[in-house]
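Trainee: Got a structure here, written out as structure tokens. Questions coming.
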Amino acid sequence: MALAIATFLFITLLSTTKTLAFDSCPSNEQLSVIPIYGKCSPFNTPKPTSWENTLINMASKDPQRLSYLSSLVAQKPNSAPIASGQQVFNIGNYVVRAKIGTPGQLMFMVLDTSSDTAWVPCSGCTGCTSSVFTPNISSTYGSMECSVPECTQVKGQSCPAAGAPGACFFNQSYGGASSFYATLSRDSLRLGADVIPNYSFGCISAVSGSSIPPQGLLGLGRGSMGSMSLLSQSMSLYSGVFSYCLPSFKSYYFSGSLKLGPLGQPKNIRTTPLLKNPHRPSLYYVNLTGISVGRVLVPIAPKLLAFDPNTGAGTIIDSGTVITRFVQPIYSAIRDEFRKQVKGPFTSLGAFDTCFASTNEAVAPAIILHFTGMDLVLPMENSLIHSSASPLACLAMAAAPTNVNSVLNVIANLQQQNLRILFDTANSRLGIARELCN
């Protein structure tokens, strides 16, 4: 039963000037994150009884995510609500509360830092299973022709013969084995208090597979100037800057946020340069120079960490992968050093192959990620998961699957929780600061 329980968290902007159905809970003018199984949830979903089973189920979808990331190649002070959407949306991602159209129609869109294009299911969609956007009732909606420059930016676009009139349709895959068919459109997008007029997105008319987020996706990929990403389309408003703080999966009360634009971002924050990959412009590459387990710098061949735009090798920060994945030789070296310091015996639990008696947790070493100009000491709750069924703790990392192009290291959302992650594309830097989201 636990495997089927959602960890989707509903995050809403609570205002002291507005009375809500669940206003018995504390309310203020800041963003509040509410789990559907929590005390203040507006939903009637029971709280998960087994956090490790929920996390194992989430992590089981990572191989599809890594396959998707490996396939990406280049093609011709406001806050918004953010939440976790693991099982309700069948993927281990977070969702942002957005409104599209005039009047605004509420959609919970997956926040994806490795995708540029935004898309939502539209009325009449074949295969869609959730709330859909209804273009006919929006006074500001319009489909886009093949002649517009934006059509050339969309992967998988199909148009009639050159010069012939016609709507810009496109077909894309997402999450590995799923795909959708959409019409390039534009309408107003509201995030928090801000409205972005004439926002370009895909209006989905058909889906295939189970990995398509039912209420759409908001691409926060790095992209490039003129791309379909939120950063590109809102450059005059947000200056290519955003940050998020992702709530923990297991806390009963949550607080997470998405901050758009330079205002309100941390002043004192450690940063590392963002690297540009022209072949994969959506991805946020960073220079991971080494990894320590406790006081031991793990011996890793430099070529395994090196950034190579031609092969896609290197390290990225990703909001959609659940547990951090390293290429096999790197993970094996980390795991072996961790086991050496903790002692055994060790067992496996789902994707986690280094589980040990939680009585030994006191000697578990910290994992330190060394980036250019910055070291990140992972809090223990970001390094270990615990079993409620037995007194076990597990190293919450794994090797990249061997059936994909295993050259990419991915710093995933479990390791980012309770940290403020700043994406400053204007200055090509990524910042990390400790922040308790729960």
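Trainee: Return the pair list, or none, for Cβ contacts closer than 8 Å from residues in the stretch 298-312 that are at positive phi to residues that are surrounded by 12 or more Cβ atoms within 10 Å (Cβ to Cβ) and assigned to a helix (DSSP H, G or I), at least 6 apart or on different chains.
Mentor: Matching pairs, first to second residue: 312/70.
Trainee: I'd like the full set of residues that are modelled with pLDDT of 75 or more and either under 15 Å from the mean Cα position of the chain (by Cα) or not in a strand (DSSP E or B) (or both), limited to the stretch 86-105.
Mentor: Step one: list which residues in the stretch 86-105 are modelled with pLDDT of 75 or more, which gives 96-105.
Those that are modelled with pLDDT of 75 or more and either under 15 Å from the mean Cα position of the chain (by Cα) or not in a strand (DSSP E or B) (or both): 96, 97, 101, 102, 103, 104.
Trainee: Would you please name the residue that is farthest from the chain's Cα centre (by Cα), looking only at residues in the stretch 174-195 that are more than 16 Å from residue 118 (Cβ to Cβ) and open to solvent by 60 Å² or more (accessible area, probe 1.4 Å)?
Mentor: By that ranking, first place goes to 193.
Trainee: Now for a different question. Against the definition (at pLDDT below 95 and touching a Pro at 6+ places or on another chain (Cβ under 7 Å)), how does residue 283 come out, yes or no?
Mentor: Answer is no for this residue.
Trainee: Please pick out the residue among 140, 152, 134, 126 that is open to solvent by 20 Å² or more (accessible area, probe 1.4 Å) and more than 27 Å from the chain's Cα centre (by Cα).
Mentor: Unique residue meeting the criteria: 140.
Trainee: Turning to a different aspect of this structure: As an exercise: evaluate residue 428 against (1) buried (at least 17 other Cβ atoms within 10 Å of the Cβ); (2) within 21 Å of the chain's Cα centre (by Cα) and give the number of the one condition it does not meet.
Mentor: (1)
Trainee: When residue 294 is evaluated against the numbered criteria (1) of a type in the set (Gly, Ala, Ser); (2) farther than 30 Å from residue 390 by Cβ; (3) open to solvent by less than 40 Å² (accessible area, probe 1.4 Å), which criterion, by number, is the only one it fails?
Mentor: Evaluating residue 294 over (1) of a type in the set (Gly, Ala, Ser); (2) farther than 30 Å from residue 390 by Cβ; (3) open to solvent by less than 40 Å² (accessible area, probe 1.4 Å) leaves (2) as the failure.
Trainee: From (1) assigned to a loop (DSSP other than H, G, I, E, B); (2) of a type in the set (D, E, K, R); (3) at pLDDT below 90, pick out the condition that doesn't hold for residue 150.
Mentor: (1)
Trainee: Name the residue, out of 269, 316, 330, that is within 16 Å of the chain's Cα centre (by Cα) and either among the basic types (Lys, Arg) or open to solvent by less than 40 Å² (accessible area, probe 1.4 Å) (or both).
Mentor: Working: 269 fails: within 16 Å of the chain's Cα centre (by Cα); 330 fails: within 16 Å of the chain's Cα centre (by Cα).
Result: 316 is the single residue among 269, 316, 330 that is within 16 Å of the chain's Cα centre (by Cα) and either among the basic types (Lys, Arg) or open to solvent by less than 40 Å² (accessible area, probe 1.4 Å) (or both).
The values are calculated or read from the model by the stated rules, or taken from the named source; none is laboratory data. Everything quoted here is computed from the prediction, not taken from an experiment. Neighbour counts are summed over all protein chains in view; Cβ atoms, including those assigned to glycine, are modelled from backbone coordinates with ideal geometry. We work out accessible area using only protein heavy atoms, side chains counted, and drop any ligands, DNA or RNA first. Shrake-Rupley method; radii C 1.70, N 1.55, O 1.52, S 1.80 Å.
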